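The values are calculated or read from the model by the stated rules, or taken from the named source; none is laboratory data. Keep in mind that this is a model prediction, so the values were computed, not measured. Note that each Cβ is placed from the backbone with ideal geometry, even for glycine, and that neighbours are counted across all protein chains shown. Side chains are part of the model used for accessible areas, which takes the heavy atoms of the whole protein and leaves out ligands, DNA and RNA. Shrake-Rupley method; radii C 1.70, N 1.55, O 1.52, S 1.80 Å.
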Amino acid sequence: MCNHDFVTCRSCGYGLDRASVIDAAPRYYLSSDSSGHDFIIPVDRADEWEAFLDLPEDDPASWDPPAWATMTEGFTFIAPRQE
């Protein structure tokens, strides 16, 4: 019988508490660029994102967002929470 309160590690089979797995997962936040595009940004890259947003719009480096910035169009979420 399945126990929905636990997640099983695929490499060793050890059962992990689902809350512990979620708490240990990387954290993200939502942000927008000056063109009105919305992105999901890893919290640990906030400084890099802010530096990207500070680039002048005519600077070619500002035209393409970093690969780790995920545009939210068509994106769905599981269990969002506010901290």
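Having 3 or more residues that are modelled with pLDDT of 90 or more is the bar; report the strands (runs of 3 or more DSSP E) wholly within the chain that clear it.
Details: elements: 6-8, 15-17, 28-32, 38-42.
By residue number, 28-32, 38-42.
Among all residue pairs at least 6 apart or on different chains, which show Cβ distances below 9 Å where the first residue, located in segment 57-83, is at positive phi and the second is surrounded by 12 or more Cβ atoms within 10 Å (Cβ to Cβ) and outside any loop (DSSP other than H, G, I, E, B)?
A79/I22
Filter segment 36-71 for residues that are of a type outside the set (A, V, I, L, M), within 18 Å of A25 (Cβ to Cβ) and open to solvent by less than 50 Å² (accessible area, probe 1.4 Å) and give the result. Please lay out each step first, then the result.
So the first thing to find is which residues in segment 36-71 are of a type outside the set (A, V, I, L, M), and the list is 36-39, 42, 44-45, 47-50, 52, 54, 56-60, 62-66, 68, 70.
Applying the additional criterion that residues be within 18 Å of A25 (Cβ to Cβ) yields 42, 44-45, 68, 70.
The answer is P42, and nothing else.
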